[in-house]
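For reference, the structure discussed in these notes is given below.
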Ligand code: APR
Ligand code: PHB
């Protein structure tokens, strides 16, 4: 078998890349280890920057998002019992974010892919990469007890943090930067109306909490929990009780509880791989970098990688230039590090770091006191939350 690009992983990164390449007439095969249903069962953040919604439109999959997604022009911070609204629209000159679940983004991309009859192999086992340092890379995989070989021009590693692509790169060719946080997020999804029209990020003495949503009838809540906690220890009732304790009177009065439809604990990690290109292998999305979820930058950073990668590959085929390929890594990394910095900073600002002693909480409160009472502090928070422009920091032309 032969194709132009083998994409490993059918998460949002791989599917979006496949769609953008298809639109430009570039052939790709996607290899996914899991089933489509399994991929759709993963619950992830759901706040999209305009850069991401624009890209989904460009890929031709934005229709349902515009119909069902919720435009949010602000969010709330509940700090030690006191609420502050971050008015994104006013602070950023008119920008907002779109609340639309990542699962739905993935579902829309999957549907577009199957409607266009594009090849995706689900249940592809033992994906193995070869010769990506030459001009003739090869990918093998097993399915139904048969081994398949695909010759290709490029391999796109869109296979997430635990994937095979990053692991296939010689150790001496790669540098990894990592910070693991000393707590996790316990998430609960329920078919109940959200406690507030907007998201609420909570800094309380009992730890961080987040009130998020998927629609007007589906809520997503999170609690900061010790890394040693197991999800089985948390009954729905215990979750709701703890959330109530971290909210204010208004939140407690408005909170509607109900049975969970999903509950899980996720660790928090900042992680970046440098570089993101190794000959004809590219890493994109979670395969190359992870952010802690505070601020929901994960999918947005993945989407920009995919934008740059699709442009580079399309230019290679259509304009016979490898300039985009050569620039891919540094172009992505600049934006990634900005997103990493914001996610780390917002995590530090909002969580309880009990190992750091009482002075850490005092610094944190002093920082919040400054930010929430300063026009420039609020603007810093808002412009990062909605996402800095793609050309941020580049010399202006003209
Ligand atoms: N072979 C084939 N597929 C694989 C392999 C492998 N060896 N290893 C992993 N995969 C698949 C996974 O099953 C998964 O479906 O690659 C896919 C990677 O998808 P994601 O983990 O969702 O990563 P990505 O598409 O980059 O999405 C980034 O997801 O985690 C969030 O915050 C993150 O929002 C961001 C988004
Ligand atoms: C979510 O809805 O899952 C979510 C929203 C905002 C975040 C993180 C997660 O900052």
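Each value in this text was obtained by applying a stated rule to the coordinates, not by laboratory testing. Here the structure is a predicted model, which is why all the values come from computation and not from measurement. Positions of Cβ are generated from backbone atoms using ideal geometry, with glycine treated the same way; all protein chains shown enter the neighbour counts.
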Residues (surrounded by fewer than 17 Cβ atoms within 10 Å (Cβ to Cβ) and under 17 Å from the mean Cα position of the chain (by Cα)) located in segment 304-342: 334, 337, 341
Sole exception among (1) over 18 Å from residue 50 (Cα atoms); (2) within 16 Å of ligand 2 (Cβ to nearest atom); (3) part of a loop (DSSP other than H, G, I, E, B) for residue 296, by number: (1)
Residue satisfying all of: in segment 204-228; touching a residue at least 12 places away in the same chain (Cβ under 8 Å) and either at positive phi or more than 24 Å from the chain's Cα centre (by Cα) (or both); surrounded by the fewest Cβ atoms within 10 Å (Cβ to Cβ) among these: 205
Residue, surrounded by the fewest Cβ atoms within 10 Å (Cβ to Cβ), within segment 12-36, restricted to residues that are touching a strand residue (DSSP E or B) at 6+ places or on another chain (Cβ under 9 Å) and either free of Cβ contacts under 8 Å to residues at least 40 places away in the same chain or part of a loop (DSSP other than H, G, I, E, B) (or both): 35
Subset tally (residues that are part of a helix (DSSP H, G or I) and out of contact with any helix residue (DSSP H, G or I) (no Cβ under 8 Å at 6 or more places or on another chain)) for segment 319-337: 7
Test: residue in segment 28-46 that is within 16 Å of ligand 2 (Cβ to nearest atom), within 30 Å of residue 136 (Cα to Cα) and under 18 Å from the mean Cα position of the chain (by Cα): no
Test result for residue 258, touching a strand residue (DSSP E or B) at 6+ places or on another chain (Cβ under 8 Å), away from ligand 2 (no atom under 16 Å from the Cβ) and in contact (Cβ under 8 Å) with a residue 12 or more places away in the chain: yes
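Before we move on, is residue 299 buried (at least 16 other Cβ atoms within 10 Å of the Cβ), more than 30 Å from residue 380 (Cβ to Cβ) and touching a residue at least 40 places away in the same chain (Cβ under 8 Å)?
no
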Some residue of segment 317-330 being within 16 Å of ligand 2 (Cβ to nearest atom) and at negative phi: no
Residue count for segment 32-57, restricted to those that are in contact with a helix residue (DSSP H, G or I) (Cβ under 9 Å, 6 or more places away or on another chain) and within 11 Å of ligand 1 (Cβ to nearest atom): 14
Any hit, segment 68-80, residues being within 29 Å of residue 123 (Cβ to Cβ) and away from ligand 1 (no atom under 16 Å from the Cβ): no
Residue list for segment 343-371, filter: in contact with a helix residue (DSSP H, G or I) (Cβ under 7 Å, 6 or more places away or on another chain) and either part of a helix (DSSP H, G or I) or exposed (fewer than 12 other Cβ atoms within 10 Å of the Cβ) (or both): 349, 364, 367, 368, 370, 371
Wholly within segment 114-185, strands (runs of 3 or more DSSP E) carrying at least 3 residues that are in contact (Cβ under 8 Å) with a residue 24 or more places away in the chain and touching a strand residue (DSSP E or B) at 6+ places or on another chain (Cβ under 6 Å): 120-122, 125-130, 146-151, 154-157
Candidates 252, 269, filtered to the one that is free of Cβ contacts under 8 Å to residues at least 12 places away in the same chain and not in a loop (DSSP other than H, G, I, E, B): 252
Residues of segment 299-316 satisfying the condition of being under 20 Å from residue 280 (Cβ atoms) and within 13 Å of ligand 2 (Cβ to nearest atom): none
